[in-house]
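Peer 1: Pasting a structure below so you can have a look.
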Amino acid sequence: MTKPETKGGGARWALFAPALLFAPCAFVYAVFFIWPQASLLAISATDAAGLTLAHYQRFAGDSYYWEILGRTLGLGAAVTAITLVLGVPTAYLLARVQSRWAGFLLLLTTFPLLVSAVVRSFGWMVLFFRDGLLSHGLMALGFADKPVQTMYTMAGVIIALAQVLLPLMILTLHGVFKSIDRDLEYAAMSLGARPIVALGLVTLRLASGGIVAGSLLVFSLAISAFATPSLVGGARANVMATAIYEQAIELLDWPFAAALATILLVTVLALSLAYGALLEGRGEREAAR
Amino acid sequence: MGTSSFDRRQLLAALAASTTLPFASGLARAQSFTGRKLVSSGFGGSTMDIIQSAVFTPFDKATGAASTQVPMQSAAALARMKAEAGNPQIDLFQFSGGQEAFAKSEGLSQPLSGVSRLGQIPAGLKDPDGHWVTWAVIAEGIIYRKDKIPTPPTSYKDFLKPEYKGHIAFPAITNGYGIDFLVMLAKAFGGSEDNIEPGFEAMKQIKGETIFKAASDLPTLFGQGDIWIMPYDTGNTFKLQQAGLPVAFATPKEGSPAVFITACVAKGAKNADIANAAIDAMLKPEAQVEIARTMRWTASNPETKLPADLTGEVPSVDKLAQLDRDKINAKRASWIERWNREIAR
């Protein structure tokens, strides 16, 4: 008689196991993400009189804030593009290189992540000011005829963020390149494809999932970064994160800060979904062809 | 160990109470907070360390309390005070940008009580209802590179001099000194707190210059930034000089605006009694001399007698210009919005 009971218990276990395993994560997610986001949404849509869309209308009717949103998305796009261009070849080489130093080299690429954003920004400060290394270097090489100030500019923010986010792109892509069977490239080449064609047709296409993941990771971190834009960008490189800080901390306008945060979140979500669908959709179309 | 020192303090207090020395009353009322903790907001960095050793360390020694300062800028401290209204985790708040007035009007602070030295502080330096008190004053003015500008600047109008073009820096308006710079530019060109237009007009002419947000950028600005002149304060001039930079402070003829370093107690603070006693310790002449010596901040307590070597280095309160903080606070948000669009864009 014990046997069926055990079996029944096992079935019940199989039924509840996923829910049980998922519960801690769901709980943490609900308490530390869903609930704060919901209250943020509530703050953004209320004022003393009750429900209102006034804070969203204020954003919509003010070109200044559209400019900030545009600047933020531009920053994200620029940083993503730079990390892709620099990250794809680096990750590919690190994944393919036959050297016992490969692991150490990969570790080296993560070094920027080990330095706090504040310390890193002070480092950039020394390089970026008019009398700093970058300015002197550009003049010595003949690229500039007078001192160049990169500090407190958007260009400085893009460079500084690309530097710190590049390791994330490389790590993501490295794993993907590592998992692609080299024989597939050899097969393509044995069927007559030149190496560069094999790389494009086989390797990069197989890596597209990793490229999407890396890009989304870098993009979302770049547009939500606060310390680097604030410290390296200064007063002129106003992005959504610094605008939210200014409204919440300096002006104590929490409803408008919450509205800005919601707008940023929704924009990122929409762009991420669209980007993911675009790349994956293309992959599926091509696979079906 | 702890018990024996406690006993000694009690003994001292008892001894003091039994004598008729003039300061006996002060000692007799020295409270004991052994085993209790005071949490204060602090300004961070070396400023916070200096305040700790000039004010809180002697205070802890005298009362047995354990005081810590949590570093945060004044605006962030006020935001924290507002977020924790009703259940404050920080008992004592220190502000440098006029936030105490807002804290009072929002009902976030409570009247000081038992601060024996409050009566010594002039009326202009404390809240009429006793919610806050100024325990130090910072003098604003012009910091300049002595090696690049041989004749000391004399006026806020000097910021428009063509020979300094490309070598000027000024703080963003969200920095307290940034908003005072705007007001002082307005005053220099015929405006005031009520008529800020000339200030914006003058600032527009230098909007292409370097704008920074935090005092932590100052050393690099004067170092790698090739900056010769900026509006800031005596305290930071002293810090830069200690770091070996060839800078000096100039008092503009429009006046050196006074910045109040204030203290107040959060409403509902669990350790309000310790906070009040600590504020009393901040007003002590000994503490204020130490602050003047180590940071070049001006004492707020007129009983404070600076040693001869410091009197020339630290301007006294009555020599400083008092800006109308209520008017500035009331217009702050609209000026920031305008500044973001017209100066930083």
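Peer 1: Just to confirm my filter: which helices (runs of 4 or more DSSP H) fall fully inside region A:138-236 and include at least 1 residues that are among the hydroxyl-bearing types (Ser, Thr, Tyr)?
Peer 2: A:154-179, A:182-190, A:208-224
Peer 1: Within the bounds of region B:252-267, is there any residue that is touching a Ser or Thr at 6+ places or on another chain (Cβ under 7 Å), open to solvent by 20 Å² or more (accessible area, probe 1.4 Å) and part of a helix (DSSP H, G or I)? Quick ask: steps written out before the conclusion?
Peer 2: Taking region B:252-267 first, the residues touching a Ser or Thr at 6+ places or on another chain (Cβ under 7 Å) are B:252-254, B:259-262, B:264-267.
With open to solvent by 20 Å² or more (accessible area, probe 1.4 Å) added as a condition, the list becomes B:253-254, B:260, B:267.
Checking the rest, the ones that are also part of a helix (DSSP H, G or I) come to none.
No - not one qualifying residue is present in region B:252-267.
Peer 1: Here's a follow-up. For A:Ala222, indicate whether it is hydrophobic (A, V, I, L, M, F, W, C), more than 7 Å from chain B (Cβ to nearest Cβ), crowded, with 23+ Cβ neighbours inside 10 Å and within 22 Å of the chain's Cα centre (by Cα).
Peer 2: Against the criterion (hydrophobic (A, V, I, L, M, F, W, C), more than 7 Å from chain B (Cβ to nearest Cβ), crowded, with 23+ Cβ neighbours inside 10 Å and within 22 Å of the chain's Cα centre (by Cα)), A:Ala222 qualifies.
Peer 1: Return the residue satisfying two criteria in turn: it lies in region B:180-196 and is open to solvent by 10 Å² or more (accessible area, probe 1.4 Å) and charged (D, E, K, R), and of such residues it is nearest to the chain's Cα centre (by Cα).
Peer 2: Filtering region B:180-196 for residues that are open to solvent by 10 Å² or more (accessible area, probe 1.4 Å) and charged (D, E, K, R), the one nearest to the chain's Cα centre (by Cα) comes out as B:Glu193.
Peer 1: Go over the candidates A:Ala277, A:Ala241 one by one and state the one that is of a type in the set (A, V, I, L, M, F, W, C), surrounded by fewer than 18 Cβ atoms within 10 Å (Cβ to Cβ) and part of a helix (DSSP H, G or I). Spell out how you get there, then give the answer.
Peer 2: On the way: A:Ala241 fails: surrounded by fewer than 18 Cβ atoms within 10 Å (Cβ to Cβ).
Checking each option against the conditions leaves just A:Ala277.
Peer 1: Step by step: first the residues of region B:220-244, then only those that are part of a loop (DSSP other than H, G, I, E, B) and touching a strand residue (DSSP E or B) at 6+ places or on another chain (Cβ under 8 Å), then the one that is nearest to the other protein chains (Cβ to nearest Cβ). Which residue is that?
Peer 2: Restricting to residues being part of a loop (DSSP other than H, G, I, E, B) and touching a strand residue (DSSP E or B) at 6+ places or on another chain (Cβ under 8 Å), the top hit is B:Gly225.
Peer 1: I would also like to ask the following. Just one of (1) buried (at least 19 other Cβ atoms within 10 Å of the Cβ); (2) at pLDDT 95 or above trips up B:Met72, so point out which.
Peer 2: All conditions pass for B:Met72, except number (2).
Peer 1: Considering region B:241-251 alone, what residues qualify as being buried (at least 23 other Cβ atoms within 10 Å of the Cβ) and in contact with a Phe, Trp or Tyr (Cβ under 7 Å, 6 or more places away or on another chain)?
Peer 2: B:Val247
Peer 1: Being of a type in the set (Lys, Arg) and in contact with a strand residue (DSSP E or B) (Cβ under 7 Å, 6 or more places away or on another chain) narrows it down to one of B:Lys284, B:Lys267, B:Lys305, so name that one.
Peer 2: Criteria check complete, one pass: B:Lys267.
Peer 1: Between a first residue in region B:170-189 that is free of Cβ contacts under 8 Å to residues at least 24 places away in the same chain and not assigned by TED's automatic domain parsing to the domain that holds B:Gln73 and a second residue that is part of a helix (DSSP H, G or I) and open to solvent by less than 10 Å² (accessible area, probe 1.4 Å), which pairs have beta carbons less than 6 Å apart while being 6 or more apart in sequence or on different chains?
Peer 2: B:Ala186/B:Gly199
Peer 1: Within region B:179-219, track down each residue that is more than 14 Å from chain A (Cβ to nearest Cβ) and not in a helix (DSSP H, G or I). So that I can check it myself, show each step before the final result.
Peer 2: At the first step, the residues of region B:179-219 found to be more than 14 Å from chain A (Cβ to nearest Cβ) are B:180, B:183-202, B:204-205.
Correct list: B:Phe189, B:Gly190, B:Gly191, B:Ser192, B:Glu193, B:Asp194, B:Asn195, B:Ile196.
Peer 1: Of these, B:Lys305, B:Lys267, which one is under 23 Å from B:Ile90 (Cα atoms) and either more than 20 Å from the chain's Cα centre (by Cα) or charged (D, E, K, R) (or both)?
Peer 2: B:Lys267
Peer 1: Related question: Tell me, yes or no, whether region B:314-325 has at least one residue that is assigned to a helix (DSSP H, G or I), away from chain A (no Cβ under 14 Å) and under 27 Å from B:Gln205 (Cα atoms). So that I can check it myself, show each step before the final result.
Peer 2: In the first step, residues of region B:314-325 are kept if they are assigned to a helix (DSSP H, G or I); the result is B:317-319, B:325.
With the extra rule that they be away from chain A (no Cβ under 14 Å), the set shrinks to B:317-319, B:325.
Subset that is under 27 Å from B:Gln205 (Cα atoms): B:325.
Within region B:314-325, one or more residues are assigned to a helix (DSSP H, G or I), away from chain A (no Cβ under 14 Å) and under 27 Å from B:Gln205 (Cα atoms).
Peer 1: Counting only residues that are in contact (Cβ under 8 Å) with a residue 60 or more places away in the chain and not hydrophobic (A, V, I, L, M, F, W, C), which one in region B:152-165 is nearest to the other protein chains (Cβ to nearest Cβ)?
Peer 2: Here the residue is B:Tyr164.
Peer 1: Restricting to region B:307-322, count the residues that are buried (at least 17 other Cβ atoms within 10 Å of the Cβ) and touching a helix residue (DSSP H, G or I) at 6+ places or on another chain (Cβ under 6 Å).
Peer 2: Final tally of qualifying residues: 1.
Peer 1: Now for a different question. Tell me yes or no: at least one residue of region B:269-285 is closer than 25 Å to B:Ser67 by Cβ, charged (D, E, K, R) and crowded, with 20+ Cβ neighbours inside 10 Å.
Peer 2: For region B:269-285, residues closer than 25 Å to B:Ser67 by Cβ, charged (D, E, K, R) and crowded, with 20+ Cβ neighbours inside 10 Å: present.
Peer 1: Can you say whether B:Ile336 is within 14 Å of chain A (Cβ to nearest Cβ) and buried (at least 18 other Cβ atoms within 10 Å of the Cβ), as far as the supplied structure shows?
Peer 2: Answer is yes for this residue.
Peer 1: Return yes when B:Ser155 is closer than 18 Å to B:Gly255 by Cα, assigned by TED's automatic domain parsing to the domain that holds B:Pro252 and not hydrophobic (A, V, I, L, M, F, W, C) and no when it is not.
Peer 2: yes
Every residue, every condition in (1) modelled with pLDDT of 90 or more; (2) open to solvent by 60 Å² or more (accessible area, probe 1.4 Å), yes or no:
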{"position": "A:Leu166", "(1), (2)": "yes, no"}
{"position": "A:Leu171", "(1), (2)": "yes, yes"}
{"position": "A:Leu199", "(1), (2)": "no, no"}
{"position": "A:Trp254", "(1), (2)": "yes, yes"}
{"position": "A:Leu260", "(1), (2)": "yes, no"}
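Peer 1: Something else now. Just a yes or no: is a residue in region B:127-142 free of Cβ contacts under 8 Å to residues at least 40 places away in the same chain, within 26 Å of B:Val55 (Cβ to Cβ), open to solvent by 60 Å² or more (accessible area, probe 1.4 Å) and not hydrophobic (A, V, I, L, M, F, W, C)?
Peer 2: Checked region B:127-142: at least one residue is free of Cβ contacts under 8 Å to residues at least 40 places away in the same chain, within 26 Å of B:Val55 (Cβ to Cβ), open to solvent by 60 Å² or more (accessible area, probe 1.4 Å) and not hydrophobic (A, V, I, L, M, F, W, C).
Peer 1: While we're on this one: Looking at region B:197-217, which of its residues are touching a residue at least 60 places away in the same chain (Cβ under 8 Å) and buried (at least 21 other Cβ atoms within 10 Å of the Cβ)?
Peer 2: B:Met203, B:Ile211 - these are the residues of region B:197-217 that are touching a residue at least 60 places away in the same chain (Cβ under 8 Å) and buried (at least 21 other Cβ atoms within 10 Å of the Cβ).
Peer 1: Identify the single condition in (1) closer than 22 Å to A:Leu260 by Cβ; (2) touching a residue at least 12 places away in the same chain (Cβ under 8 Å); (3) within 14 Å of chain B (Cβ to nearest Cβ); (4) over 16 Å from the mean Cα position of the chain (by Cα) that A:Tyr64 does not satisfy, given that it satisfies every other one.
Peer 2: (2)
The values are calculated or read from the model by the stated rules, or taken from the named source; none is laboratory data. Computed from a predicted structure; not experimentally measured. Positions of Cβ are generated from backbone atoms using ideal geometry, with glycine treated the same way; all protein chains shown enter the neighbour counts. For accessibility, only protein heavy atoms count, side chains too; no ligands or nucleic acids. Shrake-Rupley method; radii C 1.70, N 1.55, O 1.52, S 1.80 Å.
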